[in-house]
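So the structure is just underneath, and the comments pick up after that.
The values are calculated or read from the model by the stated rules, or taken from the named source; none is laboratory data. Predicted model only: the values in this text are computed from it and were never measured. Quick reminder, even Gly has a Cβ in these numbers, built from the backbone with ideal geometry, and neighbours come from all protein chains shown.
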């Protein structure tokens with residue numbers, strides 16, 4: 001299922017997984033509050049070793065765009081989270097990631113609530 005123009009309000013942190021995927025943990029409150037904030041994961045894959053040059057370039061461009069537009073978001077492991085009410089727009093596919101069914105995307109206390117995620121992200125921008 002493809003989804004377009006999903007709006008979120010806050011980006012808390014980016015995690016970089018062992019497979020080099022970027023997980024963008026987004027929520028619906030200006031400041032993360034455990035038990036109150038709803039957290040959802042959007043994933044930009046790492047550049048695969050296989051695939052066409054065009055496919056690899058598209059992923060590289062999207063990852064560069066993420067870092068350019070969201071460079072102020074702390075990568076998990078650094079101090080703090082982005083705590084501003086930033087409107088974002090994400091386009092991509094809705095995906096049920098069985099790997100996250102019992103182990104959701106997480107950075108310290110900020111944790112995705114579901115195995116459902118936007119994966120792969122096809123476009124992302126700050127509004």
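Note on the range 115-127: residues that are in contact with a helix residue (DSSP H, G or I) (Cβ under 9 Å, 6 or more places away or on another chain) and modelled with pLDDT under 85 amount to 2. Summed over the range 21-39, the residues that are surrounded by 15 or more Cβ atoms within 10 Å (Cβ to Cβ) and either assigned to a loop (DSSP other than H, G, I, E, B) or over 8 Å from the mean Cα position of the chain (by Cα) (or both) give a count of 6. In the range 82-101, the residue that is surrounded by the fewest Cβ atoms within 10 Å (Cβ to Cβ) out of those that are modelled with pLDDT under 75 and in a loop (DSSP other than H, G, I, E, B) is 85.
Only residues that are in contact with a strand residue (DSSP E or B) (Cβ under 8 Å, 6 or more places away or on another chain) and either over 17 Å from residue 16 (Cα atoms) or at pLDDT 90 or above (or both) were counted in the range 52-81, giving 4. Screening 45, 49 for residues that are more than 14 Å from the chain's Cα centre (by Cα), farther than 20 Å from residue 109 by Cα and modelled with pLDDT of 75 or more leaves exactly one candidate, 49.
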